[in-house]
Every structure is written in structure tokens, then in C-alpha cells.
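Notes follow once the structure below has been shown.
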Amino acid sequence: FFFVFPAEQHRLHPLQHYHSSLNIFNSNPAGNGNGKSFIDKWWESGRDYRKFAEFGGEIKQFCKEEVARNQAEFTYQGNVTQGRKKLVFVVHHKTGTHLLRNIENELLRLAGMNMLPLGGCYGRNLHSWTVWARRMEFWCKGVGTQYPFAVKGNRMVNLARHPRNMLISQHIYQKALQDARLHFKDTVKDKDNKFYKGLKSNNTLMAWEGTMEIMSPVIDDMLKHMRMTVGDQGVLTVEMEQHFYKDFDATVKNIFYHLLQDKVSPEEMCKLRLQASFQDTQRFGAEVDDSHKSTHIASTDKKAIAKQELAELLNCEDTKCKKFKDKYNEWVSSYEELTKLLWRF
């Protein structure tokens with residue numbers, strides 16, 4: 001996914017471009033009567049997110065006080081599922097791999113384990129004294145990959161995304177790769193690819209057809225995977241725009257409770273959720289993580305241009321646009337129907 005805050009904001013205190021949570025999932029999330037969550041309270045007290053590691057003891061005391069004030073907020077209230085085999089994070093290309101990996105890393109920190117390496121797409125057979133941590137797995141789902149998705153009994157978080165946003169993200173990503181003289185695996189290395197031909201000839205439709213060809217197996221496979229998980233209460237499907245962008249804190253809370261249920265103490269749950277809020281780029285901007293700076297950070301202008309180009313293609317009445325539009329509309333129709341069945345919050 002793309003961070004879209006302009007570079008000049010990196011030098012500002014994060015609260016100068018802070019967007020309050022919508023709090024649409026919890027009517028009184030902190031029990032303090034003012035509509036603000038405990039996470040809001042923490043960051044609004046002037047903490048610098050770039051020095052988060054310095055606040056370990058302070059966070060511990062803060063969470064102790066918050067739990068004493070409102071223990072129900074940090075205590076799992078649902079039914080405890082017995083016999084789940086694995087706790088699995090699943091992502092598809094351009095759905096938000098970097099974000100979900102960093103959220104899992106908060107769980108690994110809690111279990112005293114090394115974090116998944118940056119860029120690492122697979123994590124399993126992890127060594128830990130903590131039972132639930134040994135059962136955790138992280139998968140970047142490759143096209144056609146079945147395990148662990150066909151295994152009933154796993155408790156899974158599946159990160160999906162609207163096909164429109166996946167196409168836009170990939171299109172900007174490819175341009176960034178080209179500018180940085182890098183390649184997206186072997187797919188876009190071929191200069192005969194429509195994407196490169198379209199850019200070279202200033203043919204917008206051809207360039208977007210190239211992006212669609214690259215993303216077609218990914219999006220088709222994501223939709224297939226979503227269909228497979230309909231009705232499985234062990235799978236929680238979340239989306240970048242619908243969930244993380246609307247209420248980051250509530251989404252993280254739902255993910256942690258879905259995977260861990262009652263396996264961590266209220267104090268540990270408070271700490272987990274607070275530390276995960278560090279990954280919220282709508283609070284803090286792109287400098288939360290600039291590890292993929294050359295290819296994964298898109299300016300607002302570049303994103304706006306890509307959105308405009310796609311919108312114009314979808315409004316195109318020329319017969320040459322028909323194939324592109326038909327495939328796009330097929331994806332969107334399937335995705336929107338599946339989300340009606342899969343969204344839980």
C-alpha cells in the first residue's frame with residue numbers, strides 16, 4: 001500500500017497532521033466519557049512516535065491504569081474456539097503486505113521473538129516459549145497456493161482490497177520501479193509488456209492493460225480465496241480502505257481478538273494495540289516506515305493522476321476500451337458481493 005503524506009510533513013510533530021479515529025465500532029471505547037480512545041489519549045499527550053521504544057516502562061504503567069479504569073475494553077468477550085491449528089496472516093500482492101507484516105511483528109515482540117525480516121513474505125515454524133506464537137504463520141499468498149488456506153481449523157486474518165485500489169497501487173508501483181531502475185520480479189522486466197509499450201508511446205489504455213494483465217491472476221486468485229472462506233468463522237477478512245483507513249484502532253483490536261482470543265492478559269492487549277498504532281500512517285505520515293522509499297511511497301499527485309486515468313478509461317465509450325472495462329466490472333461485481341458476505345464490522 002502507499003503512504004501519501006508529502007515529505008515536508010515528516011519534519012512536523014505527528015499531532016500536527018493527526019486525524020482522529022472515527023470510533024464507529026465502539027460507542028465509548030475508553031470509558032472516559034469524552035469519546036476518545038486510550039490510544040488517542042496516549043498520542044495526544046505529546047509522545048513522539050519516532051521514539052516509541054523509549055516509552056516501554058511508561059506504556060506498562062499507562063496500560064495498568066487503563067485496564068484498572070476499564071477492564072472490559074481489554075478483555076476478550078466472545079466464545080473461545082478450541083482446537084484451532086494455526087494462527088495465520090494472509091496477504092495478496094498490493095493489499096497491504098507491509099502493514100500486516102508490521103502488525104504481526106508486534107505479536108512477535110510480545111512473545112519475545114525476532115521480527116519477520118523486512119521484505120520477508122513467509123514466516124512459519126517459529127521458535128518461542130509461547131504456545132500461541134509457535135502456531136503463528138505469515139503468508140504472501142502466491143497464485144494457486146492452497147496451504148494453509150484449504151486447511152479447516154486454522155484461525156486466519158485475510159487482507160483483501162478493492163480491485164480498483166489494487167490496480168492503482170500496482171500501476172504507480174510499476175512506474176516507481178521503472179524510475180528506480182528496478183523490476184517487479186520477471187513480469188515487468190520484459191520490455192514487450194504492454195505497460196512499458198504504453199508508457200513509451202503515451203498510450204494510456206495500453207499501459208493500463210499491461211497493469212491489468214499483471215494483476216489479473218492476483219485479483220482472480222484473491223476472489224477465489226475469498227469465496228473459499230465464506231461461512232468459515234475462523235477467517236476474518238479485512239480491507240485497507242474499508243477497515244484500516246476508517247478506524248485503524250478498531251481494526252487492530254478485531255484482528256488481535258480474532259487470533260488470540262483470551263490468550264493474552266488485558267494489560268498485554270492494551271500494550272499490543274497501543275504499539276500497533278505506530279503503524280497508522282494516517283496519524284503519522286510516511287516516515288512511520290520509509291524502508292521501501294523508492295517504490296512504495298506515492299505522492300498525492302501521482303495517486304490522483306492514476307485515479308483520474310483509470311476513471312477516464314472506465315468512462316471511455318470507444319470499443320477499444322470494452323475488454324478492459326468488462327474485466328474490471330467483473331472483478332468489482334464479484335468483490336462487492338463477497339464483501340457483503342465477509343465483512344463482520
So, R0 is 41 Å and r is the distance between the beta-carbons of F52 and Q233; what FRET efficiency does that work out to, to 0.05? 0.75
Provide the gained length on full extension for the span L177 to K60, in nm with one decimal, where the gain is 0.36 nm per separating residue minus the Cα-Cα distance. 37.9 nm
In order over region 86-93: 3J(HN,Hα) from phi, Karplus 6.51/-1.76/1.60, θ = phi - 60°, whole Hz, x for each Gly or Pro, gives 10, 10, 10, 9, 10, 10, 10, 3
Could you give the length gained on full extension between Q308 and V332, defined as 0.36 nm per residue of separation minus the Cα-Cα distance, in nm? 6.9 nm
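So how do 220-228, 73-81 stack up, highest first, on mean other-Cβ count within 10 Å? Don't skip to the end; give the middle numbers.
Details: 220-228: 18.1, 73-81: 13.3.
Per-residue mean Cβ counts within 10 Å order the peptides as 220-228, 73-81.
First check a/c for region 39-116, with a ≥ b ≥ c the square roots of the eigenvalues of its C-alpha gyration tensor; if it is under 1.5, answer rounded, and if not, answer prolate when a/b is larger than b/c or oblate otherwise. Could the numbers behind the result be given before it?
Values: a/c = 1.98, a/b = 1.24, b/c = 1.60.
Here region 39-116 falls in the oblate category.
Quick check: residue separation of T145 and F345 times 0.36 nm, minus the Cα distance between them. What number comes out in nm?
Details: separation 200, 0.36 × 200 = 72.00 nm, distance 2.76 nm.
Taking T145 through F345 to full extension adds about 69.2 nm, to one decimal.
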Label-point separation, R109 to K41 (7 Å along Cα→Cβ), nm: 2.1
For a protection proxy built on the mean count of beta-carbon atoms within 10 angstrom, sort 325-338, 230-243 highest first, please. 230-243, 325-338
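The numbers here are math on the coordinates, done by the rules we state, and not lab data. Keep in mind that this is a model prediction, so the values were computed, not measured. Virtual Cβ from ideal backbone geometry, glycine too; neighbours counted across all protein chains shown.
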